[in-house]
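J.: Here it is, the structure in full.
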Amino acid sequence: MLPRSTAIVGGGIVGLTTAVVLNRAAQRRDSQTSIVVLERGELGAGSTLRAGCGLRPVYQYPVNVELARAGLGFWRQSDEKLTETIDFRESGYLFLTDEQSSRQLLHREARRQHQHGFDSVYDDPPSTVHAELGLNYDNYTASLFASDAALSSPSQMIAALSETAREEGVQLHTNTPVANIDTSGQAVTIQTPNRGRFAAERVVNATGAWAGELAAMVGLELPVAPKRRRLSVLDRSVSPDQPLTVDIDTGVYLLADQAGVVHAGGHFGTDDTWDPDSPGAFSDALTDHWRARLRRRGGRLWDGLADARVTDGWTGLYAMTPSNRPIIDRQGDVVHATGFSGHGIMQAPGAARIIVSLLAGERPSLCDPAALRHDRATQSPDIQF
């Protein structure tokens, strides 16, 4: 049975998607429910609006594949499910490598994707069918193209979700940080410094990189570590249908936004780990050191990085677990949904379905919930490229 009242802490992609999915689940069941979302800043400003917004099904661990499948289905049908468009583009993902171990990895992944019903093509040597950007294909010996993957706009997603939630009766409170949570009474009490108290039967912790802080308020330690991830905007344009392209050997990737403007990112750096207990230490600006490493590493993928001018850029936070798999786990009256390890936008709709089941005291049908318990998040890591 769904709770009569739910407070969702965190107004990013997971929190807002959960609000919409929960509200509609209550409507289908003719269940009376009230839902409130409490966001410490502006909606999506924690991590979502800093995302590259790639959506892909390429994962090693089955639970991540099923979460991605549910996410792609939801976002693909967003025109029917949400009040505004989200610029969903099925442009695909292109993975490139020149290392033997990575070639074997991509070959296995192509077979696995076919087993899961996705269309992925392994080429050795790499296919040059997506050549508009002028990539240095000669520097690679194999590729994997995942045609089921897509790109979208995080700002349009947040706008569409928040507008849909408001129209359907969800209360959204921005600039409302949570100071304390008390689970000792018949209802959970949430104390805020500026809006007083909120009471709810159930609480969802959807605070991303800050989830450990909220979990500690209810006596739970979560194995989640915030990691910096950076993205730069370049003075180069291509077709918006250019696939998101990843050099999995160096961690450099390129994508085009809905206007065709090229963005470049990279999963590397010596200052990636961030301590959420020291908020003053976080800056969303790109460092000169990171820019230099991007140009040095990215030259193998694309000559254009050498002379492209960075016109904008920012740093966001991944909520990482040791396994690279998320935590979606109910402890008492609180459901913790975090640790998406950079895949929150892809997996939010599937995660929302699981959260709704846990709130209702039901077994999720999407996947085995045991795989998402917080004490399983320290197991061997899922593939991460």
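FYI, it's all coordinate maths here, none of it is from the lab. Since this is a predicted model, take the numbers as computed values, not measurements. With ideal geometry, Cβ positions are generated from the backbone for all residues, glycine too; neighbour counts draw on all protein chains shown.
J.: Any idea what the dipole of the chain comes to, in debye rounded to 20, about its Cα centre with Lys/Arg Cβ at +1 and Asp/Glu Cβ at -1?
T.: 620
J.: So if each residue of separation counts as 0.36 nm, and I subtract the Cα-Cα distance between R195 and T183, what length gain in nm does that give?
T.: 2.4 nm
J.: If you build a Gaussian network model of the chain, linking Cα atoms that sit under 10 Å apart, which residue out of G46, G316, G260 swings the most?
T.: Looking only at G46, G316, G260, the biggest GNM fluctuation is shown by G260.
J.: Using DSSP to define loop residues, name the chymotrypsin sites (Phe, Trp or Tyr not before Pro) in the stretch 45-113 whose beta-carbon has at most 13 other beta-carbon atoms within 10 Å.
T.: Nothing satisfies the criteria.
J.: What nm distance separates the two modelled labels at F268 and S31, each placed 7 Å from Cα along Cα→Cβ?
T.: A separation of 4.9 nm, rounded to one decimal place.
J.: Also, I was wondering about something else. Highest mean first, what order results for 204-217, 222-235, 24-37 on Cβ atoms within 10 Å?
T.: Going by the mean number of other Cβ atoms within 10 Å, highest first, we get 204-217, 222-235, 24-37.
J.: Suppose the chain between E80 and R363 were pulled fully straight at 0.36 nm per residue; how much longer would it get relative to their current alpha carbon spacing?
T.: 99.2 nm is the gain from fully extending E80 to R363.
J.: Please find, in a Gaussian network model of the chain (springs between Cα atoms separated by less than 10 Å), the residue of D148, D87, D182 whose mean-square fluctuation is greatest.
T.: Of D148, D87, D182, the Gaussian network model singles out D182 as fluctuating most.
J.: I've got another one for you. Calculate the spin-label point distance for A45 paired with A306, positioning each point 7 Å from the Cα along the beta-carbon direction, and give it in nanometres.
T.: Once both label points are built, they end up 4.1 nm from each other.
J.: Pick out, from G11, G52, L22, the residue whose Cα sits farthest towards the positive end of the charge dipole of the stretch 3-64, with +1 on the Cβ of Lys and Arg and -1 on the Cβ of Asp and Glu.
T.: Result: L22.
J.: May I pose another question? Could you work out the Rg to Rh ratio of the stretch 284-385, with Rh taken as the Kirkwood radius (inverse of the mean 1/r over all Cα pairs)?
T.: Answer for the stretch 284-385: 1.15.
J.: Separate question: At 7 Å along the Cα-to-beta-carbon direction for both E90 and S147, put a label point, then send me their distance in nm to one decimal.
T.: According to this spin-label approximation, the distance is 0.9 nm.
J.: Same structure again: May I ask which residue of A211, L234, I190 lies farthest towards the positive end of the charge dipole of the stretch 188-238, with charges of +1 (Lys, Arg) and -1 (Asp, Glu) on Cβ and the Cα centre as origin?
T.: Going by the charge dipole, the pick is L234.
J.: Quick one: putting +1 on the C-beta of Lys and Arg, -1 on the C-beta of Asp and Glu, what dipole do you get for the stretch 297-379 around its Cα centre, in Debye to the nearest 20?
T.: Charge dipole of the stretch 297-379: 160 debye, to the nearest 20.
J.: As an exercise, use a Förster radius of 25 Å and the Cβ-Cβ distance of Q258 and N175 to find the FRET efficiency, rounded to the nearest 0.05.
T.: Using R0 = 25 Å, I get an efficiency of 0.30.
J.: H107 to R376: extension gain in nm, 0.36 nm per residue of separation minus the Cα-Cα distance?
T.: 94.1 nm
J.: At what distance in angstrom do the alpha carbon centres of the stretch 206-257 and the stretch 21-98 lie from each other?
T.: A separation of 15 Å, based on Cα centres.
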